[in-house]
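The structure appears below as structure tokens.
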Amino acid sequence: MRQRVQELRAAGRRGPRTDKADGEKAVLAAIAAMSEPYRTMGERLHAVIKANAPALSPKTWYGMPAYAKDGTVVCFFRSGDKFKERYMTLGFNDEARLDEGHMWPISFALVELTAAEEVRIGALVKRAVS
């Protein structure tokens, strides 16, 4: 929660139009602070998300790398260290357009990030912003 309060204060100081470069810098710093193997996976996730949804703005959200559309977080990821989990988590918020009938997944566990997962994540991110 402290991280979120700091993010909100920093955004307030910058004004309502947060510079995309500031968000990018914050996301890269959050990824750099992750331990391995999460740091490497985070760098790859960042590249996949940016390549498949360039309209999303990177920012931190509760200290996690996140990507927003019009200021609202669409997707985020966190290392397993954040909550002492054995996997990295990729999550989507309600702004993401992943609806499939009456039930669909909004969070995914990542133990390893292979080319197949990168393709699947790219497709999910594209769908989320469509």
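Each reported figure results from applying straightforward, stated rules to the coordinates on display, with no laboratory input. Owing to the predicted nature of the structure, the values given are computational and were not obtained by experimental measurement. Every residue, glycine among them, receives a Cβ derived from its backbone with ideal geometry; neighbour counts consider all protein chains shown.
Exposure proxy ranking for S57, S130, based on other Cβ atoms within 10 angstrom of each Cβ and starting from the fewest, stands as S130, S57. Ranking V73, V129, V119 by how far each Cα lies toward the positive end of the dipole of the chain (charges on Cβ) leaves V73 at the top.
Residue exposure proxy: Y38, Y62, ordered by other Cβ atoms within 10 angstrom of their Cβ from fewest to most, comes out as Y62, Y38. Only Cα pairs within less than 10 Å get springs; with that Gaussian network setup on the chain, which residue of A66, A47, A96 has the largest fluctuation? With Cα springs under 10 Å in the chain, the top fluctuation among A66, A47, A96 is at A47. Taking Cβ atoms as reference points and 15 Å as the exclusive limit, the residues near W104 contribute a net charge of -1, counting Lys and Arg as +1 and Asp and Glu as -1. Full extension of the chain between R120 and K69 gives 16.3 nm of extra length, using 0.36 nm per residue less the Cα-Cα distance.
A simple charge model with +1 on the Cβ of Lys and Arg, -1 on the Cβ of Asp and Glu and nothing else charged puts the dipole of the chain at about 460 debye relative to its Cα centre.
Which of the aspartates and glutamates could a cross-linker span from K126 if the Cα-Cα distance has to be under 20 Å and same-chain partners fewer than 8 positions apart are dropped? Partners found: E24, E43, D70, D94, E95, D99, E100, E117, E118. In terms of surrounding Cβ atoms within a 10 Å radius of their Cβ, V119, V48 rank from fewest to most as V119, V48.
Regarding region 2-129, what whole-number volume in Å³ per residue does the convex hull of its Cα atoms give? The partial results should precede the final answer.
Working: hull volume 13.9 nm³, N = 128.
That works out to 109 Å³ per residue.
Here the spin labels are modelled as points 7 Å beyond Cα on the Cα-Cβ line, and at Q3 and A21 they lie 2.5 nm apart.
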